[in-house]
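Accompanying notes for the structure given below.
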Amino acid sequence: MELPEFAPGLGARVDLTVTDADTAQSLGSGDVPVLATPRVLALAEAATVAATARQIPGGITTVGTRAEIEHRFPTPVGHRVTAQATLTKAEGRTLLFDVTVHDGDTLVAEVRVERVILDRQRFIAKALGD
């Protein structure tokens, strides 16, 4: 597998308008009606996937292997949040991203995401026990 080259600074942005389905109450991560931490993480990962999507060749994918999240501020239903992912380091098959999540000017969360480049079909076969 020939590894694609990703340069630090590569980035992407993903937006989400918070709904009842995105809350801690709905996801079971708490009992409050605000944006759930697991949903913040999913949004951050979506931004990292979007960052590599245009440059990744067919048959290759990335998977998340590690994440560190600081969820700093509650976001109520109806607010729009933006996750901005920036590739900070590419080393071999490993990609490291810093992601910020904002509600307007308010910093909601900071997430560090590690993804690994791999052969998509081999990964799926391994997952299925083939």
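In the chain the longest region clear of GluC sites (Glu not before Pro) that are loop-assigned by DSSP and have at most 14 other C-beta atoms within 10 Å covers 6-130. Taking every DSSP helix (H) stretch of at least 4 residues in the chain, weighting each as -39,500 (n - 2.57) and dividing the sum by the residue count yields a mean residue ellipticity at 222 nm of -6500 deg cm²/dmol. What does the C-alpha gyration tensor say about the overall shape of the range 11-127? Classify as rounded when a/c is under 1.5, otherwise prolate if a/b is larger than b/c, or oblate. Note, shape of the range 11-127 comes out prolate.
With labels modelled as points extended 7 Å from the Cα through the Cβ direction, what inter-label distance (nm, one decimal) is found for GLN55 paired with ALA125? So the two model labels end up 2.8 nm from each other. Taking ARG13, ARG72, ARG39 as the candidate residues, the one with maximal mean-square fluctuation in a Gaussian network model of the chain, Cα springs under 10 Å, is ARG72. The distance between label points at THR19 and ALA7 comes to 3.8 nm (points 7 Å beyond Cα on the Cα→Cβ vector).
Normalised by the number of residues in the range 89-130, the average gap of Cα pairs under 8 Å and 6 or more apart makes the relative contact order 34 percent.
Dipole of the chain computed with +1 at Lys/Arg Cβ and -1 at Asp/Glu Cβ about the Cα centre; of VAL99, GLY9, VAL111, farthest Cα towards the positive end is GLY9. Each residue of the range 54-67 was assigned a 3J(HN,Hα) from its phi angle through the Karplus curve 6.51 cos²θ - 1.76 cosθ + 1.60 (θ = phi - 60°); the sequence is 6, 9, 7, x, x, x, 10, 8, 10, 10, x, 10, 7, 8 Hz, with glycine and proline shown as x. Charges were assigned to the Cβ only: +1 to each Lys and Arg, -1 to each Asp and Glu. The resulting dipole of the chain about its Cα centre is roughly 320 debye. By the beta-carbon count within 10 Å of each Cβ, the least crowded to most crowded order of LEU35, LEU95, fewest first, is LEU95, LEU35.
No value in this document is a laboratory result; all are computed from the given coordinates. Source: prediction; values computed, not measured. Quick reminder, even Gly has a Cβ in these numbers, built from the backbone with ideal geometry, and neighbours come from all protein chains shown.
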